[in-house]
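The values are calculated or read from the model by the stated rules, or taken from the named source; none is laboratory data. Predicted model, so just to flag it, every value in this text is computed and none were measured. Cβ sites come from the backbone with ideal geometry, for glycine too, and all protein chains shown count toward neighbours.
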Amino acid sequence: MNNRRKLWSIFGPVIVACLLVLGFFALPWSSSHSQATLQKAADSLSPRVFKNSSIKVAAMQDKKKNYIPFFGSSELNRMDRYHPAVMAARYHNYTPFLFGSRGTQSLPQLFNMTMMAPEMKNGKAVYIISPQWFVKEGVMPSAFKYYNGTYANLTWLKQANPDSPYDRYTAKRLVKLLGAEGSVANYAKKIADGKHLSSWDRTRIDMESTLLKHEDELFSGWFLKDNYNDRIKPRINELPKTYSYSALTKEAISDAKHSSNNNRFGILNQFYDRRVKGHLKDIPGSQKHYSYLKSPEYADLEVVLNQLKKTNTNVVFMITPVNAKWEKMTGLSMPMYYQTANKIKYQLRSQGFNNIVDYSHDGGKPGFMEDTIHIGWAGWVNFDHRIAPFLEQKQPQPHYHMNKAFLSSEWQNLNPTTANLNQFTKDHLDK
Amino acid sequence: MSWLESLPNYTAYGTPSYFIYLLIAVLPMGISLYFGKRLAWYEAIVSFLFIFFMFDGSSAPQMLSLIGYVVYQTILVMGYFHYRQKKNAAGVFYLMTLLSLLPIIIVKFTPAMVGHNSLLGFLGISYLTFRAVGTIIETRDGAVKDLNWWKFIRFLLFMPTITSGPIDRYRRFSKDYRKVPSREKYLEMVGKAVKYLFIGFLYKFVLAYLFGQVWLPFVKHQALMYAPHLSWWVVAVAYVYAGDLYFDFAGYSLFAVAISYLMGVETPMNFNKPFVSKNIKEFWNRWHMTLSFWFRDYIFMRFVFLASKKHWFKNRNVLSSVAYMINMLVMGFWHGVTWYYILYGFLHGSALVINDWWLRYKRKHLHIKTNAFTKGVAMFITFNFVVFSFLIFYGFLNTLWFVKH
């Protein structure tokens, strides 16, 4: 072989491969997702849907199904017959698009929302808050990373404003949770320091976003978990044709009784066998020292609220209950739990987020809880009953007025006694 | 300093686009080498720029440490080199070695003592230390004939390998540098470089991504749900982390070797299919080879020579066992002064001792014929032991047990 042939045999395949790849990503592939894909995605609870954009954007733009985002966490996976997705399919004119699994607390939800901000404009949404999120350390970095992706980060960075305390706070959290390495952290660091991204930064972000966008459009719809066909659709016809709240409640309570008869906590039998039975002896008193009163999560929630204000989304909140019989054994302090709910509600109400379904006191009602900390059966029936009118009927314009005092560490660490809350009102809100 | 911090930072081989800049910068060197000439000045400028962009931006505080460190080591090494031309006292050699090790000792002990990282540290300090100390030892052995400050810095800061190795030796490196490879030889190196780059892409940007960014956060997340209790998820963490560690580091090393080749330097390979090792000794001949050979030559062998000369041990097997333990414990401490790194070193030291004992015992008392099955069993045991030791090394158990959630 002469040298020219040698050079060609070394570099020829590389050149051909590069051309093929570039061609593949540069071609304008059609990006439309089918109705079936959207429906599947809406109940898949998939991190891929959560981290990307094209599917949820398509769903929010879809006029036929009237998708409404339900932001939450693990309770969304409690897909019994009365789950909001089943109830909506049977009785209502909207379709929940479920966003959340274990670990999707406020900050992951913020990035999720950012990826469909234009589509959420002037729409409605449901936001389910678990007091369990509000632990001292806030969202765990591992959970955050699992539900966070570069595409979402870059999308957020593109619209981030270094002059906004909300965006500076978010950027700071991003650096903390992702670690200081990598280009995303470099950009976020700038925002956190109040500096604008340079036009070179923006060019690079745009370039990378374009590739990620194509990747999202091409691949996000593949291999979605088919919760819709496996767990939602077969249950729709199990519900009576005509809606009656009292009849459904009665039925749900009797369902709950049958399905939770192997334990004294009213926990779903399978869950009890799998997750509880083995550890019974470790449980008494195990949650005695839990406290949800002080947490960075309060400020994380605040940036979500700010995002909802930006998109002028009319949102109804739900605060989740805990299983009363169960918590009696774990020793979780119920006064602390109620105080947590109060602190959350104070933060919501004082900024004009007035649609709140607070279940913190309802974890002892019959059939309300499916397991230890997750709502189910009669709980879902009630939830549907409380939110459906809000989602189906025209609502007055929301009037949100943000206060950045809720980002402060003072608020994050405030013990929400009545006196402290009054003082906080005097110091920060009555101006 | 603030202008420095506002500049963009490019970690070595961090993103695919990094390779575009790097390969464009290396291209003139390649063309020149093809025509039989080294572009020494151009190479210096490119190396300076790329190293600069590794240590600016958010890493800017490390740049001062790096500069101070390089000045300090150059003075030590050159001072010792000049001294060694005339005299050869053991005391001076030990003192110089200790002084050369001093920064890394401070950096490694600071977190355990003070609770935060030392300001002296920077990314790659370990690898620079291996090169500097190695040069002092080679100088003592009389193997280094041709050294000046520029040649030393060029070796110390050789851009493709600066932050994470492979660890080259001055004598070998300078031999490559003195001559330009023949056109035929260089084309062969370029061919290998392209192959290594692509295997590296597969390792680092596909496999390490899957293991490290997709699966690892998931299994960790699951395992931490049971904290502080153990669960099967911890086993998954061990295997997934082993995959991440290997593909990330092997990918990185392949990049470093490939770029070195393009620059006409045959940097030694770092990995050679480590997971097919049939015993732990073979594993260390295949895993992070340049580090393990460095430790073998400069710690294990030195100790064995010294102890034999002074007749510290009667029994040769005891001697080698002690040497293994010292070797691996030092390696553990080098990783960092935490219980899990030290335990990792201890485990590997013990494993080497047990392996030696088993091989002796087998030879003497058992007559097992080696066949595919015994080889399979041996590989299985070695692999699983290694994965277990990586779980310790990872420090995840520390997070699981001792960090409050």
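Is at least one residue of the range B:343-359 of a type in the set (D, E, K, R), in contact (Cβ under 8 Å) with a residue 40 or more places away in the chain and under 30 Å from residue B:127 (Cβ atoms)?
Looking for residues that are of a type in the set (D, E, K, R), in contact (Cβ under 8 Å) with a residue 40 or more places away in the chain and under 30 Å from residue B:127 (Cβ atoms), one finds at least one in the range B:343-359, hence yes.
Kindly indicate the residue of the range B:166-186 that is without any contact (Cβ under 8 Å) to a residue 40 or more places away in the chain and part of a helix (DSSP H, G or I) and also nearest to the other protein chains (Cβ to nearest Cβ) among those meeting that condition.
So, considering only residues that are without any contact (Cβ under 8 Å) to a residue 40 or more places away in the chain and part of a helix (DSSP H, G or I), the one nearest to the other protein chains (Cβ to nearest Cβ) is B:184.
May I ask you to verify whether residue B:76 is assigned to a loop (DSSP other than H, G, I, E, B), surrounded by 12 or more Cβ atoms within 10 Å (Cβ to Cβ) and touching a residue at least 40 places away in the same chain (Cβ under 8 Å)?
no
Just the residues that are out of contact with any Asp or Glu (no Cβ under 7 Å at 6 or more places or on another chain) and within 12 Å of chain A (Cβ to nearest Cβ), please, taken from the range B:201-215.
Of all residues in the range B:201-215, those out of contact with any Asp or Glu (no Cβ under 7 Å at 6 or more places or on another chain) come to B:201-203, B:205-207, B:209-210, B:213-215.
Result: B:201, B:209, B:213, B:214, B:215.
If we keep just the residues of the range B:331-345 that are hydrophobic (A, V, I, L, M, F, W, C) and in contact with a helix residue (DSSP H, G or I) (Cβ under 6 Å, 6 or more places away or on another chain), which is surrounded by the most Cβ atoms within 10 Å (Cβ to Cβ)?
Ranking the candidates gives B:331 first.
Every residue in the range A:103-160 that is among the basic types (Lys, Arg) and either within 11 Å of chain B (Cβ to nearest Cβ) or at positive phi (or both), please.
A:136, A:145, listed by residue number.
Checking the condition within 12 Å of chain A (Cβ to nearest Cβ), free of Cβ contacts under 8 Å to residues at least 40 places away in the same chain, under 19 Å from residue B:255 (Cα atoms) and assigned to a helix (DSSP H, G or I), which residue from B:198, B:218 passes? If you could, list the steps in order and put the result at the bottom.
Numbers: B:218 fails: under 19 Å from residue B:255 (Cα atoms).
Going through B:198, B:218 in turn, the sole match is B:198.
Would you pick out the residues in the range A:311-329 that are surrounded by fewer than 18 Cβ atoms within 10 Å (Cβ to Cβ) and not in a loop (DSSP other than H, G, I, E, B)? Break it down stepwise before answering.
Restricting attention to the range A:311-329, the residues satisfying the condition of being surrounded by fewer than 18 Cβ atoms within 10 Å (Cβ to Cβ) are A:312, A:325, A:328-329.
Once the filter is applied, which keeps residues that are surrounded by fewer than 18 Cβ atoms within 10 Å (Cβ to Cβ) and not in a loop (DSSP other than H, G, I, E, B), the range A:311-329 yields A:325, A:328, A:329.
Specify the residue that is nearest to the other protein chains (Cβ to nearest Cβ); the eligible residues are those in the range B:12-22 that are on the phi < 0 side of the Ramachandran plot and in contact (Cβ under 8 Å) with a residue 60 or more places away in the chain.
Here the residue is B:16.
Given the condition buried (at least 17 other Cβ atoms within 10 Å of the Cβ) and acidic (Asp, Glu), answer yes or no: does some residue in the range A:137-158 qualify?
No, the conditions are met nowhere in the range A:137-158.
Being among the basic types (Lys, Arg) and either more than 7 Å from chain B (Cβ to nearest Cβ) or surrounded by fewer than 18 Cβ atoms within 10 Å (Cβ to Cβ) (or both) is the filter here; which residues of the range A:173-202 pass it?
A:173, A:176, A:190, A:195, A:202, listed by residue number.
Filter the range B:231-264 for residues that are assigned to a loop (DSSP other than H, G, I, E, B) and free of Cβ contacts under 8 Å to residues at least 24 places away in the same chain and give the result.
Going through the range B:231-264, the residues assigned to a loop (DSSP other than H, G, I, E, B) turn out to be B:231, B:263-264.
B:231, the sole residue that qualifies.
Can you pull out every residue in the range B:23-52 that is within 14 Å of chain A (Cβ to nearest Cβ), under 25 Å from residue B:199 (Cα atoms) and among the aromatic types (Phe, Trp, Tyr)?
Result: B:34, single match.
Condition check: assigned by the TED database to the domain that holds residue B:57, surrounded by 15 or more Cβ atoms within 10 Å (Cβ to Cβ), among the β-branched types (Val, Ile, Thr) and in a helix (DSSP H, G or I). Does residue B:92 satisfy that? Spell out the reasoning first.
Numbers: assigned by the TED database to the domain that holds residue B:57: yes; surrounded by 15 or more Cβ atoms within 10 Å (Cβ to Cβ): yes; among the β-branched types (Val, Ile, Thr): yes; in a helix (DSSP H, G or I): yes.
Criteria met by residue B:92.
For residues in the range A:59-75 being more than 9 Å from the chain's Cα centre (by Cα) and of a type in the set (S, T, N, Q), which is surrounded by the fewest Cβ atoms within 10 Å (Cβ to Cβ)?
Out of the qualifying residues, it is A:61.
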